[in-house]
Amino acid sequence: MSAFDNSEYETARQQYEDEAKQRWGGTDAYKESQAKTAGYSKDKWNDVLAGMNGVFAEFAECKKCGEIADNDAAQQLVKKLQDYITANFYHCTDDILAGLGQMYVCDERFKSNIDSHGEGTAAFVAEAIAIFANEKKRYSL
C-alpha cells in the first residue's frame, strides 16, 4: 500500500489520455507519440515534463524581462519548444505548433499550468507561436 493516495491523480491522468485519444487518436502525431513514449519510465516522464516546464519558465523570464513576442529571444524559445516536442513526443509541424499555441490559452488547464510560471505567460507563448508560424508561412511562399 502506498503512503499517499494517488487515485485522484490516476483518474485525472486517465481522463486526459482518453480525451487525447478521442480528439487526436487518428492522427499520425498521436500514433508517433504513443510509440515514442511507450517505453518511458516514470523517471523519464518526470524528466520530459520538467524539461517542458523549463521551456515555459524561460518564456516567463523572457516576458518578465520586458521582451516582446516577436523579438529574437522569444522566437528562439518557440523554436526550442517545437524542437523539444519533436524530440520527446512527435514531429511538431508548424501547423501543429500553431494549434498548440491556441490551446495554451483556450484550454484553462493548459493556461493555468503555463501561467503558474508567471501571469500572462500562456498568452505570451501563444502570441510568440502565432508570430513564428506566420513568419515562416510568409517566407516560404
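The values are calculated or read from the model by the stated rules, or taken from the named source; none is laboratory data. Quick caveat, the model's predicted, so the values are computed rather than measured. Glycine also receives a Cβ, built like all others from the backbone with ideal geometry; neighbour counts cover every protein chain displayed. Protein only, heavy atoms only, side chains kept; ligands, DNA and RNA dropped before computing areas. Shrake-Rupley method; radii C 1.70, N 1.55, O 1.52, S 1.80 Å.
Taking each residue of region 16-30 that is among the aromatic types (Phe, Trp, Tyr) and looking for partners that are modelled with pLDDT of 75 or more and open to solvent by less than 50 Å² (accessible area, probe 1.4 Å) with beta-carbon atoms closer than 7 Å, six or more apart or interchain, yields 24/30. Could you please let me know if residue 82 is at pLDDT 95 or above and open to solvent by 30 Å² or more (accessible area, probe 1.4 Å)? Taking the combined requirement at face value, the residue does not satisfy it. Pull up region 30-62, narrow it to residues that are under 22 Å from residue 129 (Cβ atoms) and open to solvent by 80 Å² or more (accessible area, probe 1.4 Å), then point me to the one that is modelled with the lowest pLDDT. Here the residue is 49. For region 120-133, state whether one or more residues are closer than 21 Å to residue 24 by Cβ, touching an Asp or Glu at 6+ places or on another chain (Cβ under 7 Å) and surrounded by 14 or more Cβ atoms within 10 Å (Cβ to Cβ). Looking through region 120-133, at least one residue is closer than 21 Å to residue 24 by Cβ, touching an Asp or Glu at 6+ places or on another chain (Cβ under 7 Å) and surrounded by 14 or more Cβ atoms within 10 Å (Cβ to Cβ).
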